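Structure first, commentary second.
The values are calculated or read from the model by the stated rules, or taken from the named source; none is laboratory data. Keep in mind that this is a model prediction, so the values were computed, not measured. Methodologically, a virtual Cβ is constructed for each residue, glycine included, from the backbone with ideal geometry; neighbour enumeration extends over all protein chains shown.
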């Protein structure tokens, strides 16, 4: 009886040892999987920041503005053809100012000036069906203007700004003009004097850097925890 009891205990101890070693191995790999998931979540958080503003090519602004409008619109030609161009701001401008509410977000008020030829804007007398111009942000028609100048609230971000002429039926006519515009909010509560050049690192770039650093910490942590678990595995006496 004693021999059977000792043999049973030995078998039980061996089973416990193998079970403990198995748990240690499984725990180590599951810990690495868990930290890998954390790294993946860090990376996924950086994706929306990149998706907020599409990639805009400053060399194809006019071409892209033209694609925004209906291809079957009237496009007069010749010396009497109407035209429009943006006088200010110029392409590449970074417009900074205090935050103002813009729909469900915030933005900055930007002063626009346009110039038209063979397209009179001075006839506006309160009638919305007068000749006017449309301002587009990327592919979205944002506002209408009836005079050559207008102050418009633009959301924070980098935008392809297009302007097109609108007739009495609110239909776009002719060729548009466009610029690349970046809008940034400024905290007017305190502005420290500085001669430094403005920072060019965007929120999306900072977010990506944080994601990469977080992933590096996760990988180092998984290696460290795996090493500790392997050292603490129960071994046969």
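How many residues are touching a helix residue (DSSP H, G or I) at 6+ places or on another chain (Cβ under 6 Å) and surrounded by 22 or more Cβ atoms within 10 Å (Cβ to Cβ) when one looks only at the range 169-188? Number of matching residues: 2. Test residue 136 against the criterion of being in contact with a helix residue (DSSP H, G or I) (Cβ under 6 Å, 6 or more places away or on another chain), assigned by TED's automatic domain parsing to the domain that holds residue 68 and under 22 Å from residue 55 (Cβ atoms), and give yes or no. Yes; evaluated as a whole, the condition is true for this residue.
Rundown of residues vs (1) under 30 Å from residue 189 (Cα atoms); (2) at pLDDT below 95, yes/no style:
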residue	(1), (2)
91	yes, no
124	no, yes
127	no, yes
133	no, no
157	yes, no
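Across the range 45-61, the qualifying residues are those that are in contact with a strand residue (DSSP E or B) (Cβ under 6 Å, 6 or more places away or on another chain) and surrounded by 14 or more Cβ atoms within 10 Å (Cβ to Cβ), and the one among them that is modelled with the lowest pLDDT is 53.
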